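Asks: The structure under discussion is supplied below as structure tokens; questions concerning it will follow.
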Amino acid sequence: MSRDTAKVAVRPGDFLDIDHLLSDEERDIRDTVRAFVRDRVVPHVGEWFEAGTLPVELARELGALGLLGMHLEGYGCAGASATAYGLACMELEAGDSGVRSLVSVQGSLAMYAIWRWGSEEQKRHWLPRMAAGEVIGCFGLTEPDAGSDPASMRTRARRDGSDWILHGQKMWITNGSVADVAIVWARTDEGFRGFIVPKGAKGFTTQDIHGKLSLRASITSELLLDDVRLPADAMLPEATSLRGPLSCLNEARYGIVWGAAGAARACFEAALAYAKDRVAFGRPIAATQLQQSRLAHMALEVNRATLLALHLGRLKDAGRLAPEHVSLGKLGNVNAALDVARAARQVLGANGVTLEYPVIRHMSNLESVVTYEGTADVHALVVGGALTGIDAFR
Amino acid sequence: MKICVLVKEVPDAAVTKRIDPATGRLDRSGEKNLNPYDTHAIEAAMQLKEGGQLQVDEIVAITMGPESAVRALHKAVSLGADRSVHLTDEALAGSDVAATGYALAQTLKRENPDLVLLGQQSDDGECYTIGAVVADHLQAPSLTQVISIEVDGDVLRCERQAEYGYDTVEVELPAVISVGDAINEPRYPSLKAIMGAKKKPLETLSAADAGIDLSRVGAAGSQVECGSFKAPPAKAAGTIIEDEDTNETVEKIVAWLDERKLI
């Protein structure tokens, strides 16, 4: 028997009442991150974006909140659920994709690599300080000529006595120049291996990438490794193939599925508020059918993306999440977020191109998000491969 | 020493508040949250503990309310309280301020705190009076609307926000102090604190457990009766002065005030 639903009121900020699907603890975590982003990120992020920087101190604040490596167990990490981690990514990216990238790279790439593939000693040495935000990590996999195809990487590590000599170049590395430690993946005679390279190691330098018109509130660098000598215990002992770095990327992509929903929500909220406020031809533009259609479309995409993210979160917590699920999620949610951002930009008219409103910042950020951690094209091919059983790109 | 912080679960700030005409009580359905003013009281307790001038052994969050109020206690614990006490009983429903103050005082007597802190007002009832009622029952000094607390030997030097300015008052413990939101900036609860909140001790008390005389609480034991309610009369639309030239704008405002003999 269906219940009487006459009294249920729809809330524009949570149209499908997705809040109801969260536990009290999940809501509390979400509310805390939301408040932090509202107070510490939103008032400043336009300036950071314009200046092309992200204050490093933010890492310590994020660490104090427990957000860095929050989904990992032990070693000073909070041990939260995948769903809670996702909710945090959503709120962070509602602030800015650059801030979420900082947290993704620290927790899901650098820390996860050590947590999953490192020795007990490596974990004890690095993870607590990384969780606190005292040590910033970066993750070097992509190269100038090896993006979607990491197996074509040129960076090599060779043994020299008990030491390793690392040589090569990594590109598009988030946090590169501000990192205290880099996880660098290299080809060796024993397969692909990961190395913990501390800042200041002889022969290891970084160079920031300038001229980005996207993810400007994020540091992106090139890592240059000129015969960097590392002791044997710098190698992550448990990873011997590309499964190592790909497992890390899968963690980060999962966070992006949520983050994209957050960026979309921020754009939708900005567009809704603007449409109700902006008067043209004697009435708010929200009163026009064209804008209402746009707003309805945006609300649909935001809610659908959030539900998809939540579903993947529940699957991950139940141990039932496959990489192909994450590919579908990233493909769908980032594209949806781009659609929402572009529609929102039009609702805001000329104001939509300024940093006074969050929309164009999100819109341009999402152009990076749709490309990094697996391009939309490659994710489509992963899904296509899973559907047909035919691998179209490898 | 022990600090007890009185907290309350209130409708979320985003929920439109309304009186239920059938009961004459505030409609408390919908999303709820910890009273924001109480988060300042918890933060004040944490700062006294961390300040090191007082030896604070324990911070205890106490609430009176229905089952759902446990969530407010979890939040209070995630913000720093060491444990919590939940006074909950059907017989307490409908208590007015005097009855609620009595019931909370009875609960506080079991704890015998050196200091009781609370937010100066609840976000729903906004009575501003619970602190004073509780203090009266405990026969302890009451300070209200406090926006700064400094420890000076055995006394607390408090600044009160009054209508005419600021009072600086010294008080000896035990005391009951209600704080305003200007006193501090509450910290964000960390993830670990949120996740650990349910593991901290939570004691549930009935009215009988707290030694509450049932004739003094609940709707029947309350002196206040709610009569009829009506919406306030609609206000006439105000005048909007567009600020195109600031000198002109100031002139217009001055002329407007002058016309009404307000300056």
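Asks: List, in order, the whole-Hz ³J(HN,Hα) value for each residue of region A:176-183 obtained from phi through the Karplus relation with A = 6.51, B = -1.76, C = 1.60 and θ = phi - 60°; use x for Gly and Pro.
Replies: x, 7, 9, 6, 8, 8, 10, 8
Asks: Sorting A:Trp172, A:Trp185 by accessible area (1.4 Å probe), largest first, what list results?
Replies: Most to least solvent-accessible, the answer reads A:Trp172, A:Trp185.
Asks: Still on this structure, please answer the following. Within the set B:Lys17/B:Lys261; B:Lys17/B:Lys192; A:Lys276/B:Lys252; B:Lys8/B:Lys198; A:Lys316/B:Lys8; B:Lys32/B:Lys109, which residue pairs have Cα atoms separated by over 25 Å?
Replies: B:Lys17/B:Lys261; B:Lys17/B:Lys192; A:Lys276/B:Lys252; A:Lys316/B:Lys8; B:Lys32/B:Lys109
Asks: Let me ask something additional. Taking the DSSP beta bridges in chain B as the whole, what percent of them are antiparallel, to the nearest 5?
Replies: Bridges in chain B are about 40 percent antiparallel.
Asks: So what is the orientation-averaged projected area of region A:244-388, using the convex hull of its C-alpha atoms, in nm²?
Replies: 9.4 nm²
Asks: In the full protein assembly as shown, how much of A:Ile360 is accessible to a 1.4 Å probe, in Å² to the nearest 10?
Replies: About 50 Å², ignoring ligands and nucleic acids.
Asks: Could you work out [θ]222 nm for the protein assembly as shown from helices alone, using -39500 (n - 2.57) per DSSP H run of at least four and dividing by all its residues? Round to the nearest 500 deg cm²/dmol.
Replies: Mean residue ellipticity at 222 nm (helix-derived): -12500 deg cm²/dmol.
Asks: Now a separate question. At a probe size of 1.4 Å, how large is the accessible area of A:Ser23, to the nearest 10 Å²?
Replies: Accessible area, nearest 10 Å²: 50 Å².
Asks: What percentage of all Cα-Cα pairs in the protein assembly as shown are separated by more than 37 Å?
Replies: Distances greater than 37 Å cover 48 percent of the Cα pairs.
Asks: On average, how much area does the Cα convex hull of region A:51-115 cover when viewed from any direction, in nm²?
Replies: If you wrap the Cα atoms of region A:51-115 in a convex hull and average its projections, you get 4.3 nm².
Asks: Take the alpha-carbon centre of region B:93-136, take the same for region A:365-394, and report the distance between them in whole Å.
Replies: 60 Å
Asks: To the nearest 20 debye, what is the magnitude of the charge dipole of the protein assembly as shown about its Cα centre, counting +1 on the Cβ of each Lys and Arg and -1 on the Cβ of each Asp and Glu?
Replies: With Lys and Arg at +1 and Asp and Glu at -1, about 2080 debye.
Asks: Can you give me the % of accessible surface on chain A that is carbon or sulfur? Probe 1.4 Å, all protein chains present, nothing else counted.
Replies: 53 percent
Asks: Given the convex hull of the Cα atoms of chain A, what is a quarter of its surface area in nm²?
Replies: 21.5 nm²
Asks: Turning to a different aspect of this structure: Could you sort A:93-99, A:74-80, B:108-114 so that the peptide with the highest average Cβ count within 10 Å comes first and the rest follow in order?
Replies: A:93-99, A:74-80, B:108-114
Asks: Please grab the % of Cα pairs in region A:230-329 that end up more than 18 Å from each other.
Replies: Roughly 62 percent, rounded to a whole number.
Asks: Between A:Leu312, A:His325, A:Val8, whose Cα lies farthest towards the positive end of the dipole of chain A when Lys and Arg beta carbons carry +1 and Asp and Glu beta carbons carry -1, centred on the Cα centre?
Replies: Final value for the positive-end residue is A:Val8.
Asks: Please state the charge dipole magnitude for region A:32-124, taken about the Cα centre, from unit charges on C-beta atoms (+1 on K and R, -1 on D and E), reported in debye and rounded to the nearest 20.
Replies: Computed about the Cα centre, the dipole is about 220 debye.
Asks: Can you list the lysines whose alpha carbon sits under 21 Å from that of A:Lys199, skipping same-chain ones fewer than 8 residues off?
Replies: Answer for A:Lys199, where 21 Å is the Cα cut-off: A:Lys123, A:Lys170, listed by chain and number.
Asks: Output the relative contact order of chain B, whole-number percent, from Cα pairs under 8 angstrom with separation of 6+ residues.
Replies: Relative contact order for chain B comes out at 23 percent.
Asks: Within the P(r) computed for region A:307-394, what percentage of the Cα pairs occupies the region above 23 Å?
Replies: 37 percent
Asks: Ranked from highest to lowest mean number of other Cβ atoms within 10 Å per residue, what is the order of the peptides B:61-71, B:38-48?
Replies: The packing order, highest mean first, is B:38-48, B:61-71.
Asks: Considering only A:Gly282, A:Leu272, A:Thr388, whose Cα is most displaced toward the positive end of the charge dipole of region A:244-388, charges sitting on Cβ of Lys, Arg (+1) and Asp, Glu (-1)?
Replies: With unit charges placed on the Cβ atoms, the residue in question is A:Gly282.
Asks: Another question, then. How many angstrom lie between the Cα centre of region B:201-215 and the Cα centre of region A:11-38?
Replies: 33 Å
Asks: I would also like to ask the following. Quick one: give the max-minus-min coordinate of the C-alpha atoms of region B:2-216 along each principal axis, largest first, in Å.
Replies: Computed over the Cα atoms, the extents are 50, 41, 36 Å.
Asks: For peptide A:30-36, how many partner chain Cβ atoms fall within 10 Å of a residue's Cβ, on average?
Replies: Counting other chains' Cβ atoms within 10 Å and averaging over A:30-36 gives 3.
Asks: To the nearest 100 Å², how much accessible surface do chains A and B cover up together, summed over both, with a 1.4 Å probe?
Replies: 1400 Å²
Asks: Please compute the Kirkwood hydrodynamic radius of region A:163-219 from all pairs of different C-alpha atoms, in Å with one decimal.
Replies: Taking the inverse mean of 1/r over all distinct Cα pairs, region A:163-219 comes out at 12.9 Å.
Asks: Near A:Arg100, within a Cβ-to-Cβ distance under 11 Å, what is the net charge of the other residues, with Lys and Arg +1 and Asp and Glu -1?
Replies: Here the count lands on -3.
Asks: Can you list the trypsin sites (Lys or Arg not before Pro) in region B:181-263 that are in a DSSP coil and have 11 or fewer other beta carbons within 10 angstrom?
Replies: Counting only loop positions with at most 11 other Cβ atoms within 10 Å, the trypsin sites (Lys or Arg not before Pro) in region B:181-263 are B:Lys230, B:Lys235, B:Arg260, B:Lys261.
Asks: Let me ask you something else. With the solvent-accessible surface defined on protein heavy atoms using a 1.4 Å probe, which residues belonging to region B:64-85 display a reduction of at least 30 Å² in accessible area in the multichain context relative to the isolated chain?
Replies: Hits at the 30 Å² cut-off: B:Arg71, B:Lys75.
The values are calculated or read from the model by the stated rules, or taken from the named source; none is laboratory data. Small disclaimer: the values here were computed from a predicted structure and weren't measured. Cβ atoms come from the backbone with ideal geometry, glycine included; neighbour counts cover every protein chain shown. Each accessible area value is taken on the protein alone, full model and side chains, heavy atoms only, with ligands, DNA and RNA left out. Shrake-Rupley method; radii C 1.70, N 1.55, O 1.52, S 1.80 Å.
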